[in-house]
Amino acid sequence: MLYIRPFQVRDQAPVIALWRECDLVKPQNDPAKDIARKLKVDPELFLVGRIDDKIVTTVMGGYEGHRGWINYLAVKPSLRRRGYGQAMMAAVEQLIKNRGCPKINLQVRTTNQAVLAFYDALGYRNDQVVGLGKRLEQDT
C-alpha cells in the first residue's frame, strides 16, 4: 500500500536516487539545490510516497497565488502503471486546490510521449503556449 506524506530532510538521498533512476536529473538542475529551495517555499507541497519504508514516488507542487505548478513527479520505473503517479497527483492537486488555486500548470519535454499520455489521461491539456525560461543562476 502506498503511504503519502510530506518530504522530510532524511528523505533527500533516496529522493535524489529515485530522480536519477527516473532520468529527471539534468545537468542544469542540481537536485540538492532544488530540494533546498523547495523547503523554503511551501514545503508541505513536496510529497513522497512510500511502500514498506522505501520511497518509490515523489511530486513537488507549488502555488504562487495565480497558478499551481507541478515538478518532479517520479515513480520508480519497476512500479509504474499501478496508479501511484495518479495517487500522487490527486494528493498534490487537492493540497493546491485547498489554497484557492484555479489552475495547475506543468511542463513536459515534447519528446516524452509516455508522460504526455499520462497527463492527458488525468485531464491535463496542451494550452498551446510556448514555455520560456531564463537561467538566473549560472553553473560555476
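Put simply, the amide H of Gly68, placed in the peptide plane, has neighbours under 5 Å in Lys103, Ile104, Asn105, leaving out anything fewer than 5 places away on its chain.
How much length would be gained if the chain were fully extended between His66 and Val41, taking 0.36 nm per residue of separation minus their Cα-Cα distance, in nm to one decimal? Kindly include the intermediate steps, with their values, before the conclusion.
Details: separation 25, 0.36 × 25 = 9.00 nm, distance 1.52 nm.
Computed gain between His66 and Val41 is 7.5 nm.
For the chain, leaving out every one of the GluC sites (Glu not before Pro) that falls in a DSSP loop and has at most 16 other Cβ atoms within 10 Å, the longest unbroken run is 65-136. You can think of it this way: the chain between Lys33 and Arg82 has 14.6 nm of extra reach, that is 0.36 nm per residue less the Cα-Cα gap. Taking 7 Å steps out from each Cα toward its Cβ at Lys26 and Gln107 produces label points 0.7 nm apart.
Provide the gained length on full extension for the span Lys54 to Arg125, in nm with one decimal, where the gain is 0.36 nm per separating residue minus the Cα-Cα distance.
Details: separation 71, 0.36 × 71 = 25.56 nm, distance 3.21 nm.
Computed gain between Lys54 and Arg125 is 22.3 nm.
The separation of segment 89-140 from segment 47-75, counted between C-alpha centres, amounts to 12 Å.
Among Val15, Val130, the ranking by other beta carbons within 10 Å of each residue's beta carbon, starting with the fewest, stands as Val130, Val15.
Could you pull out the trypsin sites (Lys or Arg not before Pro) across segment 1-87 that fall in loop regions by DSSP (anything but H, G, I, E, B) with no more than 11 other Cβ atoms inside 10 Å?
On the way: sites: Arg10, Arg20, Lys33, Arg37, Lys38, Lys40, Arg50, Lys54, Arg67, Arg80, Arg81, Arg82; in loops: Lys40, Arg67, Arg80, Arg81, Arg82.
Those satisfying the criteria are Lys40, Arg81.
Here is the list for segment 94-128: chymotrypsin sites (Phe, Trp or Tyr not before Pro) lying in DSSP coil, each with at most 16 other C-beta atoms within 10 angstrom of its C-beta, are Tyr124. Backbone geometry of segment 130-135 corresponds, through the Karplus equation with coefficients 6.51, -1.76 and 1.60 at θ = phi - 60°, to 3J(HN,Hα) couplings of 9, x, 10, x, 9, 6 Hz, x marking Gly and Pro.
Altogether, the Stokes-Einstein calculation at 25 °C and 0.890 mPa s, with the Kirkwood radius of segment 3-121 over Cα pairs as Rh, returns a diffusion coefficient of 169 µm²/s.
Read-outs throughout are calculated quantities, based only on the coordinates presented, and are distinct from any laboratory measurement. On a predicted model such as this, the values are computed, not experimentally measured, just so you know. We place every Cβ from the backbone using ideal geometry, glycine too, and count neighbours over all the protein chains shown.
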